[in-house]
Amino acid sequence: MTAQTPRVGHASIDKVVEWVDTDASGHQHNSAIMRWVEAAEAELMRTLDLPDYFPSAPRVHQEISYRSKLWFGQLITATVEVQKLGRTSLTYAFEVRGHAHPKSTGGTAAFGTVTVAHVPPGFDTSLPWPGDLTEAITRLMAEDTDAA
């Protein structure tokens, strides 16, 4: 996703940039982006009723491009969309947009991808995703493609 409206298997959350999210200059700390992306990811998994996803989905790769600053008190929207479902991995594209603020006109602040692997508790390597997850993600992707 590069500054586009999400299309496939997506979820969004709105947050306000809190003081804890900023660095000494008052704009977002780079780590805040991934916290907001993970909150949108959690919303997606709640929507799909997949509560066992998080203990088994460590991050194995992420790429972030920063476009603009987000300021203390600014409303943001973080969106994730399923980009690719693999046998043992899942890749999301994400975008974090700022809304209008006294220090910013708003727009895309950051975008990128994050890949997770399915590593169930007690295992050290990735294993195929369970059927309920692959069915839910596949169904969601098909529904979003049909709606496009």
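Each reported figure results from applying straightforward, stated rules to the coordinates on display, with no laboratory input. This structure is a prediction, so every number in the text was calculated from the model and none was measured. Every residue, glycine among them, receives a Cβ derived from its backbone with ideal geometry; neighbour counts consider all protein chains shown.
For H101, the residues whose amide H sits under 5 Å from its own are G106, ignoring neighbours fewer than 5 places away on the same chain, with H placed 1.01 Å from N. For F123 and K103, the FRET efficiency from 1/(1 + (r/R0)^6), where r spans their Cβ atoms and R0 equals 35 Å, is about 0.15. Between the Cα long axis of helix 30-47 and the first principal axis of the chain there is an angle of about 40°, rounded to the nearest 10. The modelled label-to-label distance between S89 and F54, using points 7 Å beyond Cα along the C-beta direction, is 2.4 nm. For mean projected area of the Cα convex hull in nm², the value computed from the atomic coordinates appears in the list [x] 9.1; [y] 31.7; [z] 12.2 under label [x]. Relative contact order of the chain, taken over Cα pairs closer than 8 Å and 6 or more residues apart, is 29 percent.
Estimated purely from DSSP H runs of n ≥ 4, each contributing -39500 (n - 2.57), the mean residue ellipticity at 222 nm for the chain is -8000 deg cm²/dmol once divided by its residues.
Ignoring lysines fewer than eight residues from K15 along the same chain, the ones with Cα atoms less than 16 angstrom from its Cα are K69.
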